[in-house]
Structures are given as C-alpha cells and as structure tokens.
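One structure is given below, encoded as structure tokens.
Here, each number is a calculation from the coordinates, and none is a lab measurement. Since this is a predicted model, take the numbers as computed values, not measurements. Backbone-built Cβ (ideal geometry, glycine too); neighbour counts: all protein chains shown.
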Amino acid sequence: MEKYMQTKGTVVWLTGLSGAGKTTLARAISRRLASEGLFVETLDGDEVRETLCRGLGFSKEDRNTNVRRIGFVARLLARNGVIVFASVISPYGEARQAVRRSVEDDGARFVEVFVRCPLAVLVARDVKGLYERALAGEIAHFTGVSDPYEEPGSPDIIVDSSVESVEKSAAKIVLHLSEIGALAGEVSQSEVLASEALASAGQYETAL
Ligand code: ADX
C-alpha cells in the first residue's frame, strides 16, 4: 500500500517567435509559484543551447533535437512533481506534440501556451537586434522571417504580448494551472494563487 501520495507535475510549454515574451513570462510565473513553496524549474532555449544543446544549429533537424532534449528533461522533472516552464520557439507542431505525448504517458500534465505577437511588433521591438539582421539577410533560417513557424492548432492557452501586460498573461496561465489541479500540492496555496489570478484576470479582453 502506498504510504505517501505524490502528485505528478506539469510541463508548461511556451512556444512562439523569438522576442514574443516566453522567457519573461516563464520567469515571472515561476518566481511567483516558487515563492508559494511550489517546486518549479525553468528550461530556456537560449540558456539550454549553451549547455545541454550546445552545438545545435537551427536546421529543422537540430531544432527538433533541441525540443526533444528539453522535452526529455522536462518530462523527468514533471513526473517527479515539478512544475516546469519550457520557453522554446519550437516551431514544428509535430515535435511539440511528441513532447506532449511523452509527458502525458508518464501521467504528468502538459500545457501548451502559444505566446503570440505579430511579426511587425517583434521587428519594431527587436530587443536582441536579431530581426534587423535577419531582415537584412545576415541570419539565415530566422524563425518568422526566413524559416517557418507552425502556430499551435489547439493550444491550451493563448497569450498575446502585443495587447496584454505580463501580469495579465501570467494570471491567465496561473488560473489555468489552478483549474486543472496543477497547483494542488497544498489546497491553501492553490486557492490563494487562483483568487489572485482571478482578480487580475477580471479585466481580460474576451476577444482573445
Ligand atoms: S528552437 O527553434 O530550437 O526552438 P530556441 O528557442 O532554442 O529555438 O532558440 C531561439 C533563440 O536562438 C532565439 O531567441 C534567438 O536568440 C536565437 N537564434 C539564433 N539564430 C536563430 C534563428 N535562425 N532562428 C531563431 N532564433 C535564433
């Protein structure tokens, strides 16, 4: 007989173009949840490419290898109760679906978040200066400019950083996590987080 009950974790997979706000959002939410005592981890495309995925480029094959490796680590963490935020462009739908299947096969949850932002806004923001270079033809195979991005067909959540604040998008995700029972380690934590999320979610544009 099982003496202790350990709940499975969740992979929150943030997909979207470079500069759309995946990392910012993941950091904001993971900080909040960690401060409530939940076990949280983040896996970021830019960071992981310096370590676990060092040497991989941006061909379809390399991008999918990147996604598979990040998915593998996320799965291991999630099946041990961790809430994992993975911020990866992950432009190919099939590779994202494969990660979902492997996570769910382990009994953990997978939440696909499409971090949407129109290309024109990304080009105007150009935080890393990459779009200017990509548009000038200096970076080959740049996602959204000279390489494909397959938008999720049925994401669990859509956030749009061109019309929502980080707080609003974060609240939307926290609310969803609460609704699916992903924050249920301690009932009180879940309730606190959910009511906070509901309070800031009150002002959503329903159009999204
Ligand atoms: S993915 O396509 O393999 O999922 P990942 O999220 O790991 O991408 O890395 C994307 C980051 O790599 C971008 O935010 C950007 O800083 C950098 N980068 C460098 N070259 C490219 C490129 N050709 N396309 C997209 N991002 C690039």
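Scan segment 25-64 for residues that are among the β-branched types (Val, Ile, Thr), in contact (Cβ under 8 Å) with a residue 12 or more places away in the chain and either more than 22 Å from Phe114 (Cβ to Cβ) or touching a Ser or Thr at 6+ places or on another chain (Cβ under 6 Å) (or both) and jot them down.
Correct list: Val40, Thr42.
In segment 115-155, the qualifying residues are those that are among the hydroxyl-bearing types (Ser, Thr, Tyr) and outside any loop (DSSP other than H, G, I, E, B), and the one that is farthest from the ligand (Cβ to nearest atom) is Tyr131. Tell me yes or no: at least one residue of segment 70-84 is buried (at least 16 other Cβ atoms within 10 Å of the Cβ) and within 10 Å of the ligand (Cβ to nearest atom). Scanning segment 70-84, I find at least one residue that is buried (at least 16 other Cβ atoms within 10 Å of the Cβ) and within 10 Å of the ligand (Cβ to nearest atom), so the answer is yes. Condition check: within 13 Å of the ligand (Cβ to nearest atom) and hydrophobic (A, V, I, L, M, F, W, C). Does Phe110 satisfy that? When the stated conditions are applied, Phe110 does not pass them. If you go through segment 48-95 and pick out every residue that is closer than 17 Å to Glu150 by Cα and either out of contact with any Cys (no Cβ under 9 Å at 6 or more places or on another chain) or among the basic types (Lys, Arg) (or both), you end up with 17. If only residues of segment 38-55 that are more than 7 Å from the ligand (Cβ to nearest atom) and among the aliphatic types (A, V, I, L, M) are counted, the one that is nearest to Thr15 (Cα to Cα) is Leu43.
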